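Notes for the one structure printed next.
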Amino acid sequence: MREIAQHTAPRPVLRVMIFAADPVRRAGLMVIVSNAGHAISDDPDQADVVLADGVFPDGVLPATDLPAVTLGGNVPTHAGLLPADASPEQIDAAIRAVATGLVVRTVEASRPAFAAVAEQELNLLTPREVEVLGAISNGLSNKAIARQLGISQHTVKFHVEALLHKLGAGSRAEAVYKGLRQRLIQM
């Protein structure tokens, strides 16, 4: 039986500038960013993305026009807002998403307080799932999405099923509605 090889594009290496008031936290974030395959940049002219830990003592980050992900803060002008205890995978996904121009927000808790932590972590869509959701919002079929993203229809179906589950949606239309309400996508 002949196997079909799927082409997967290499993940881009992004240059990430890290802002953290606590030097220990900054070192920890540097390890997370490096382990995700990114480079650390201290030069804003060379960086692709900013990763900021919380709110700075003076309330503002150093001025930059770069897309930014904030951990544990609420900077509405930043493209990415994650909880302070975000996992390394969530941080990597957010960095990659904002670098492509997407907005990242965690899903507001709509589950009972006793829900398992593992279930709550499912709410964060991967950058690819956000891309697929955006394509769905543009009315594309699985076949058209596969062509646009350079992946198989089976992989698109997998991403659609995953994002429907994570958003708690019963249909593609409901997923788009919830994605818009949670500001995962914009029209």
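The values are calculated or read from the model by the stated rules, or taken from the named source; none is laboratory data. None of the values given here were measured: they were computed from a predicted structure. For accessibility, only protein heavy atoms count, side chains too; no ligands or nucleic acids. Shrake-Rupley method; radii C 1.70, N 1.55, O 1.52, S 1.80 Å.
A few remarks follow.
- Computed accessible area, LYS157, all protein chains, 1.4 angstrom probe, square angstrom: 110
- Chain lengthening between GLN186 and GLU89 when straightened (0.36 nm per residue, less Cα-Cα): 32.6 nm
- Under 17 Å from the Cα of LYS178 - lysines, other chains or at least 8 residues apart: LYS166
- Straight-distance crosslink candidates among lysines, where the alpha carbon sits under 21 Å from LYS143 and sequence neighbours closer than 8 are dropped: LYS157
- Cα-based Rg and Dmax for the range 120-186, where Dmax is the largest Cα-Cα distance (Å): 10.7, 32
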